[in-house]
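S.K.: If you scroll down you'll find the structure; I have some questions about it.
The values are calculated or read from the model by the stated rules, or taken from the named source; none is laboratory data. Since we're looking at a predicted model, the values are computed, not measured. Ideal geometry is used to build each Cβ from the backbone, glycine not excepted, and the neighbour counts take in all protein chains shown. Note: accessible area is taken over every heavy atom of the protein model, side chains too, but ligands, DNA and RNA are not part of it. Shrake-Rupley method; radii C 1.70, N 1.55, O 1.52, S 1.80 Å.
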Amino acid sequence: MEEGEQDRNIRILHSGVFSPLRRWGAKWSLWPCHFVTSCCGVELAHAFACGFDGERLGTLNMGISRQANFIIVEGTITRKMARALRIVWEQMPDPKFVNVIGACGQRGGIFWNSYNITRPSEIVPVDFFVPGCPITPESLLRGVRAVQEKIEGKERTTIKFNKVELPSGGELEERTVPTTPKLFAPTPEIKLDVKRSVDWDFGKELKDLLRKGLKGLYESITITDVNRIAIRATQEKFMEVAQRLKDIMKMDHVKNVNVIEVPHERKYVMEYMVSSYSVDELMPVIISLFTEIGREAEPEFPSLTSLWESANYSEREMHDFFGIEYKGNKGMNGKFLLPPEVDTPLRKDFKIEEEQYVFDEEAPITTPIKLPPDLVMPVPEETLEAAEENDEMVACIGPHHPGSGHLRWIMRLKGDAIVEIIPDPGYVHRSMEKLAENRLYIQNVPLFERANISDPFNMNLGYVRTIENALKIEVPERAKYIRTIMAELSRIGAFFYDCGIYSLFMGHSTGFMYAWAIREMILEAVVRMTGSRCTPSFIIPGGIRRDISDYVLDMTDNFTSAVHKRLKKYEDIFIYNPVFVARTKGVGVLTREDAIRCGLVGPFLRASGIDYDIRKVAPYEAYDKFDWEVTTGDAGDCLGRFMGRYEETKQSLSILKQAVDVVKEMPRGAVISEEALGEYKEASRDIKGHLYHAYGNLVLPKGEWTTVTESARGTVLYSIISDGESNVPYRVRIITPCWMNLRGIIEASKGERVADFWAIYGSFGYFPPEADR
Amino acid sequence: MMELINTLISTMMSNQVSIPLAEPILELLRDIPLVGEMIALILWRPIFAALICPGLTVGGILLLFFPWIERKLCGRIQWRVGPHEIVWWLGGLIQILADTLRFLFQEVIVHKDAHKHYFLQFPFLSFIAFLLPLLFIPAGNIVAIESPYAIQIMLALICLFPVFILGLGWASNSRFSFIGTVREAFMYFAYEVSFIIAILAMIVLYGTSDMVSIVDKQSIWGIALNPIAALAFFIAAAMATSRLPFEIAEADQEVAAGPHVEYSGIAFGLIYVMCYEKAYVLSGLMTVLFLGGGSAPYIPVITDLLAPLLGDLWGAMWFVLKTIIVMTTLFVLRTIYPRYRLDQGLSIGWGAMLGLSVIALALSLALVAGGVIVI
Ligand code: SF4
């Protein structure tokens, strides 16, 4: 931010003869520039959808910066996004105003010590902050009102600080100063193949099969858990083992690419998790193949993209994080997720700021963050050259574009056809994996939930299940059912989120409004259950935070029928709209083979004819107790993907109804497993007041713990590596469905028309904060 | 000299808009020197048509309030309220006034790549050019220029619209406006042919292209005589005004408002109302061709009472009312339909619509030849 910028716009309004008219006009015509920067945008959309209708205040959402005069900065501004923010702000005509919403926009919120966070107030002059994580629509509208009043000239300070003298003497002085509760083992032992004795007969067969198939190539094969096998190989034989796994075991896609740095042993552990979509019995099995390489300055490793294309983007990500050069992967020059100025942040010697529990008078609460040095985000040279040679046009869509979401798409166009689309993600990369390594296990529950606040329960559930798996905690029956209810609610909510966005991409604002009206009802149910609209963090290791009341159960029950009614209207206006069908049918087709090759997940995979749903393949919670079906299709086009999810939502509503019926009949009792609580058994019905006592010192047994969960948009994979001593994870890897589906979007768009890109993009329900993590 | 003025005044006096209701006041004012002449001038039919109805004043009022009607109506359909807080007891009626003022006082940015002069001139030029066709539209029996070639001239002027939009896009010189402009050009050719044929069908039917006599001839409304032509005309109007499902050139989510992407401040304000102007002109034309123009239906008591009192304004009022209804229909489309792709829009234009309009023409010829309609 430059000198004198802070109040310049208000000053402009207050000068000149026409000042009263100017002020009046500006006050009632604050058009927010549609600049979605992070997950708070979900609530922003609610504020402008039919539930709250921000247009009442005269604020009409406008996609184009030149015509807007108001930016609502939605939460996190990463370093990469900081440039975009400044550019958009500069593009807007004076006078212009800025509202920052969300805790992230103020001091970083839950991501305060991330390496990729900046503060918007240092980039552009901010007129008003709205706190909350996320903010509620009401408070956002209140923020708009506050700006209106500021324009009018009213001073508006909503918070006043008082300085109080703490009483000296007595009880206070006797308390000891709290120290950091984190325990880091100084030289932890990292082992990925810790044997676990489990009752898994098929696993033994499989192990024998692997032994035979990989004869002489592997170092060890270990069963680490049900459905999990770890294969250790030497670096030389690694490729060969991978090849065999692909040929003999029909392992057709990579679920995860991981690197674990062990600095005190001077090594990197290189890991690939592979699985199979083509063989039914192998679907739940995840084979982790790993090897160790020395910790040199510029480590190299052969890329497996030639075998599995689905590894491509994850390898590039690891290249960013650890600086490992994957030989054979084409994307090794330049950064993918990270801004240019951040190097290898996930190495252990890259330190982020520690939490402080006692403040030094002098020291700032958070260290100032250095801004990116320049404002340009250039397009890769090769792309420009290639386009020039073939007489094509290069268009950059995003990160500020009415139809881009929070990432940049670089399109190479030949006339009206798309030659190639290059994604430039990372605008919402908030370094969750690094932060998780520096927080207690229990502190990571809300952190991972922020990956996707449109589908919070499933994100939450995935992480918690991983911990439960590792600790072998059995969750009480009632809690299981309630968790299922929540997961399904969240799935329905996420579907309608995507519906709304899809409608907008199609230029259909009514569809958006109708879908979000339904979402509003879901959020209402969530609020009554948990007290929070989008970020409840309600599922905790061992169960849920507290039981839910009968009244809320009744409401959820009624709600399932209420949704059906509105669904009918939504169907009429959008789903069966001839124009919509014409736009999506036969567009962006991904065949079964394509889908497997790209490593698609979730409903988008099923739309291409692969019957893979984790809720059926490896049931968790109470999913095996209900009567429901997996929806698959074989068209693989946009309409197929959309309708597949639509049918799935109907199934979800049916699961919801069944679950609610069961819970209503069930006697009340513990909702948190007593095992997990240890000595705080009395909290088993409500964790209130005991959360940190019971979970603060949670330590996972040594090894790698991986679970997959079917979230609304597909498989979310958590892999926690614990050293068995520290109460913080040694490394957490989270692979979200959108990250995997990114490849699908690219593949499906090739050769289609320009306008089809939005049909394809929307059909994948891409949620950038989830993909970037 | 004196003579000239006198002849002028007498010409004016012989062709005055009569409003019996206002007559007493006008009578008083006429006696005041100069004011009297002024009033005579304003009430002179051509001037009245150009300046008041259907010209500038009514047009301006519509431009100021129609977006509000549209936003409110869309709000209703979408289960929400629309602009409201600004004057809550009027339901936010003056919302557009605030928007206009805001645009007026906002900085106009001319970016580095733009062709500065054209960039600034085009919005103003097109604002004026878009009003010109109004001179030929009769509101009741008030019309600025009466001509046996009225429709042809109007068509020529309407066909100029896209040229200005192309100009906007070209002067902006940015990627999205380039794509948007090309899309506009494509769409232009796709609807124009069938648009003209649909109008031709009506000219054949009425046997004249004088707007005033067309209105007179509609003892049965044109829409009942040739509904196919009306449909073709309406779809073409939706394409011409870039309404959904044909909002292809300005697709927000795709090309970020296409030709308009770089405009800010009052320049954008003008472009923003331009699409309402276009809609007004085309709806007016549709009213005249298909909905009986300013001819009023007979409603007992009300007609008896009001028609003699309002005089010429009675017809004008009906014309405006019908036009507003057509415009509203045109704008409500956006809440119902998503957007077609360019190629789909083109194939509708060159396929279905061309077919429709040719059938409409054939129908008209058959009706005339068959003697069903005697001109
Ligand atoms: S984490 Fe997300 S929801 Fe929370 S404040 Fe930041 S942007 Fe908003």
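S.K.: Within segment B:227-340, which helices (runs of 4 or more DSSP H) (wholly inside it) include 3 or more residues that are open to solvent by 10 Å² or more (accessible area, probe 1.4 Å) and within 14 Å of another protein chain (Cβ to nearest Cβ)?
M.R.: By residue number, B:265-290, B:312-336.
S.K.: For the condition buried (at least 21 other Cβ atoms within 10 Å of the Cβ), at pLDDT 85 or above and not in a loop (DSSP other than H, G, I, E, B), what is the one hit in B:156, B:98?
M.R.: That would be B:98, the only listed residue that is buried (at least 21 other Cβ atoms within 10 Å of the Cβ), at pLDDT 85 or above and not in a loop (DSSP other than H, G, I, E, B).
S.K.: Here's something else I'd like to know. Between a first residue in segment A:380-399 that is in contact (Cβ under 8 Å) with a residue 24 or more places away in the chain and more than 14 Å from every other protein chain (Cβ to nearest Cβ) and a second residue that is among the acidic types (Asp, Glu) and open to solvent by 30 Å² or more (accessible area, probe 1.4 Å), which pairs have beta carbons less than 9 Å apart while being 6 or more apart in sequence or on different chains?
M.R.: From residues that are in contact (Cβ under 8 Å) with a residue 24 or more places away in the chain and more than 14 Å from every other protein chain (Cβ to nearest Cβ), the pairs are A:383/A:420; A:386/A:392; A:386/A:420.
S.K.: I've got another one for you. Of the residues that sit in segment A:60-116 and are open to solvent by 10 Å² or more (accessible area, probe 1.4 Å) and of a type in the set (Gly, Ala, Ser), which one is nearest to residue A:401 (Cα to Cα)?
M.R.: Top of the filtered list is A:84.
S.K.: Taking residue A:16 as the residue in question, decide whether it is farther than 19 Å from residue A:100 by Cβ, in contact (Cβ under 8 Å) with a residue 60 or more places away in the chain, more than 16 Å from the ligand (Cβ to nearest atom) and open to solvent by 20 Å² or more (accessible area, probe 1.4 Å).
M.R.: Details: farther than 19 Å from residue A:100 by Cβ: yes; in contact (Cβ under 8 Å) with a residue 60 or more places away in the chain: no; more than 16 Å from the ligand (Cβ to nearest atom): yes; open to solvent by 20 Å² or more (accessible area, probe 1.4 Å): yes.
No; evaluated as a whole, the condition is false for this residue.
S.K.: With A:47, A:26 as the choices, which residue is open to solvent by less than 10 Å² (accessible area, probe 1.4 Å) and more than 16 Å from the ligand (Cβ to nearest atom)?
M.R.: Of the residues listed, the single one that is open to solvent by less than 10 Å² (accessible area, probe 1.4 Å) and more than 16 Å from the ligand (Cβ to nearest atom) is A:26.
S.K.: Would you please list the contacts, defined by Cβ atoms under 8 Å and residues six or more apart or on different chains, that run from a residue in segment A:98-115 that is under 12 Å from residue A:75 (Cβ atoms) and free of Cβ contacts under 8 Å to residues at least 40 places away in the same chain to a residue that is assigned to a helix (DSSP H, G or I) and near the ligand (Cβ under 7 Å from one of its atoms)?
M.R.: A:103/A:109; A:103/A:110
S.K.: Quick check on segment B:32-49. Is at least one of its residues within 14 Å of chain A (Cβ to nearest Cβ) and either farther than 30 Å from residue B:174 by Cβ or without any contact (Cβ under 8 Å) to a residue 60 or more places away in the chain (or both)?
M.R.: no
S.K.: Still on this model: Checking residue B:77 against (1) among the hydrophobic types (A, V, I, L, M, F, W, C); (2) away from chain A (no Cβ under 12 Å); (3) open to solvent by 50 Å² or more (accessible area, probe 1.4 Å), which single condition isn't satisfied?
M.R.: (2)
S.K.: Does any residue of segment A:143-153 turn out to be modelled with pLDDT under 85, closer than 30 Å to residue A:46 by Cα, part of a loop (DSSP other than H, G, I, E, B) and in contact with a helix residue (DSSP H, G or I) (Cβ under 9 Å, 6 or more places away or on another chain)?
M.R.: Yes - at least one qualifying residue is present in segment A:143-153.
S.K.: Which of (1) in a loop (DSSP other than H, G, I, E, B); (2) among the β-branched types (Val, Ile, Thr); (3) within 16 Å of the ligand (Cβ to nearest atom) is the odd one out, the single condition residue A:110 does not satisfy?
M.R.: Going through (1) in a loop (DSSP other than H, G, I, E, B); (2) among the β-branched types (Val, Ile, Thr); (3) within 16 Å of the ligand (Cβ to nearest atom) one by one, residue A:110 breaks only (1).
S.K.: Has segment A:467-485 got at least one residue that is under 25 Å from residue A:76 (Cβ atoms) and in the same structural domain as residue A:498 (by TED's automatic domain parsing)?
M.R.: no
S.K.: State yes or no: is residue A:636 assigned to a loop (DSSP other than H, G, I, E, B) and either within 14 Å of chain B (Cβ to nearest Cβ) or under 24 Å from residue B:244 (Cα atoms) (or both)?
M.R.: no
S.K.: So which residues in segment A:317-336 are open to solvent by 10 Å² or more (accessible area, probe 1.4 Å) and under 26 Å from residue A:249 (Cα atoms), if there are any at all?
M.R.: Within segment A:317-336, A:327, A:328, A:329 meet the criteria.
S.K.: Here is a follow-up. For residue B:87, are the conditions met, namely being over 29 Å from residue B:50 (Cβ atoms), in contact with a Leu (Cβ under 8 Å, 6 or more places away or on another chain) and not assigned by TED's automatic domain parsing to the domain that holds residue B:164?
M.R.: Yes; evaluated as a whole, the condition is true for this residue.
S.K.: Which is under 30 Å from residue A:133 (Cβ atoms) and at the interface with chain B (Cβ under 9 Å from one of its Cβ atoms), of A:41, A:63?
M.R.: Being under 30 Å from residue A:133 (Cβ atoms) and at the interface with chain B (Cβ under 9 Å from one of its Cβ atoms) holds for just one of A:41, A:63, which is A:63.
S.K.: If residue A:120 passes every condition in (1) crowded, with 24+ Cβ neighbours inside 10 Å; (2) within 16 Å of the ligand (Cβ to nearest atom); (3) in contact (Cβ under 8 Å) with a residue 60 or more places away in the chain but one, which one does it miss?
M.R.: Evaluating residue A:120 over (1) crowded, with 24+ Cβ neighbours inside 10 Å; (2) within 16 Å of the ligand (Cβ to nearest atom); (3) in contact (Cβ under 8 Å) with a residue 60 or more places away in the chain leaves (3) as the failure.
S.K.: Hey, can you tell me all the residues within segment A:697-723 that are out of contact with any helix residue (DSSP H, G or I) (no Cβ under 8 Å at 6 or more places or on another chain) and open to solvent by 10 Å² or more (accessible area, probe 1.4 Å)?
M.R.: A:697, A:699, A:702, A:704
S.K.: Only one of (1) open to solvent by 50 Å² or more (accessible area, probe 1.4 Å); (2) modelled with pLDDT under 85; (3) at the interface with another protein chain (Cβ under 10 Å from one of its Cβ atoms) is not met by residue A:56, so which one is it?
M.R.: The failed condition is (2).
S.K.: Quick check, is residue B:114 assigned by TED's automatic domain parsing to the domain that holds residue B:264 and touching a residue at least 40 places away in the same chain (Cβ under 8 Å)?
M.R.: So residue B:114 fits the description; yes.
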